[in-house]
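S.K.: Sharing a structure, written as structure tokens. Questions coming.
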Amino acid sequence: MIDMKQIKTTLLTLLVALFIIACKNEQGKSNTEKRGIEETSSVKNSIQEGQKTIFQKTLTLQNISFDIKTYREGSISQLSIQPKGLEIDNRKNVHEIDGKVVNAEIEDLNSDGFPEILIYTVSAGSGSYGNVIGYSVNSGKSINQIYFPELSETKEASIGYMGHDEFAIVETSLVRRFPIYKDENTNNNPTGGTRQIQYKLKDGEASRLFVIDKISEY
């Protein structure tokens, strides 16, 4: 004779066992999904950590700021300029650069009530040829890059030039200094004195630009 009580007990035991198995499977699935999120996050973090920051500076003037960074990923150096406080366009500007950033300054060079940001770079190698990457704020709404002329465009300024530039803002002028090389000089022994070039910021047809205002030697 079939024992109904025993059958009920067996069925109840099976149901409990199935319920426990189902719970464990669901928990395992949840843990797998969680690990997947953590792994994805870890990959993203490792990419960011792989970009080595080699220069960082934040400059603020007239309620507008610029976050300046250079970072290297492999053999490529990139300059990132992030404006903040502009009314319309605060997009980041990125430049590939040959060499490194040595300094950055901010000033209202044309006295229009809005700042200019100047970033000084030098090339890789023994010459350390200088360059300026500059941006000017347009009525507080956006920024445009400033044209910085090649030294070779002005013969008087480029005679005896072999790099080793230094840049600085003096009042509302950009000042550039470098040693003058004579024909017989080696790269590490210039004997021609020092040349100083003073630039002024002017309005051009397409954008603002630096124009040589004065050249002196000492």
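The values are calculated or read from the model by the stated rules, or taken from the named source; none is laboratory data. Keep in mind it's a predicted model, so treat the numbers as computed, not measured. Ideal geometry is used to build each Cβ from the backbone, glycine not excepted, and the neighbour counts take in all protein chains shown.
S.K.: In the stretch 155-204, what residues are closer than 15 Å to Gly134 by Cα, free of Cβ contacts under 8 Å to residues at least 60 places away in the same chain and not charged (D, E, K, R)?
M.R.: Val175, Tyr199, Gly204
S.K.: Among the residues of the stretch 113-137, what is the count of those that are more than 18 Å from Ile68 (Cβ to Cβ) and surrounded by 17 or more Cβ atoms within 10 Å (Cβ to Cβ)?
M.R.: Residues meeting the conditions: 2.
S.K.: Right, something else. Got a sec? Which of Ser173, Ser207 is surrounded by fewer than 15 Cβ atoms within 10 Å (Cβ to Cβ) and small (Gly, Ala, Ser)?
M.R.: Numbers: Ser173 fails: surrounded by fewer than 15 Cβ atoms within 10 Å (Cβ to Cβ).
Just a single option satisfies the conditions, and that option is Ser207.
S.K.: Search the stretch 54-68 for residues that are without any contact (Cβ under 8 Å) to a residue 40 or more places away in the chain and pair each with any residue that is among the hydrophobic types (A, V, I, L, M, F, W, C) when their beta-carbon atoms are under 8 Å apart and the residues are at least 6 apart or on different chains.
M.R.: Gln56/Ile68; Thr58/Phe66; Thr58/Ile68; Ser65/Leu59; Asp67/Ile81
S.K.: Still on this structure, I have one more. From the residues in the stretch 84-108 that are under 15 Å from the mean Cα position of the chain (by Cα) and not in a strand (DSSP E or B), which one is surrounded by the fewest Cβ atoms within 10 Å (Cβ to Cβ)?
M.R.: Lys92
S.K.: If you don't mind, another one. Within the stretch 186-218, which residues are modelled with pLDDT of 95 or more, more than 28 Å from the chain's Cα centre (by Cα) and not hydrophobic (A, V, I, L, M, F, W, C)?
M.R.: If the condition is that a residue be modelled with pLDDT of 95 or more, more than 28 Å from the chain's Cα centre (by Cα) and not hydrophobic (A, V, I, L, M, F, W, C), then Pro190, Thr191, Gly192, Gly193, Thr194, Arg195, Gln196, Asp213, Lys214, Ser216, Glu217, Tyr218 are the ones that fit.
S.K.: Something else about it: Scan the stretch 91-102 and tell me whether some residue there is charged (D, E, K, R) and farther than 23 Å from Arg208 by Cα.
M.R.: Yes, there is a match, as at least one residue in the stretch 91-102 is charged (D, E, K, R) and farther than 23 Å from Arg208 by Cα.
S.K.: Return the only residue of Thr191, Thr186, Thr154 being in contact with a strand residue (DSSP E or B) (Cβ under 7 Å, 6 or more places away or on another chain), β-branched (Val, Ile, Thr), more than 28 Å from Gln62 (Cα to Cα) and surrounded by fewer than 17 Cβ atoms within 10 Å (Cβ to Cβ).
M.R.: Details: Thr191 fails: in contact with a strand residue (DSSP E or B) (Cβ under 7 Å, 6 or more places away or on another chain); Thr186 fails: in contact with a strand residue (DSSP E or B) (Cβ under 7 Å, 6 or more places away or on another chain).
The conditions single out Thr154.
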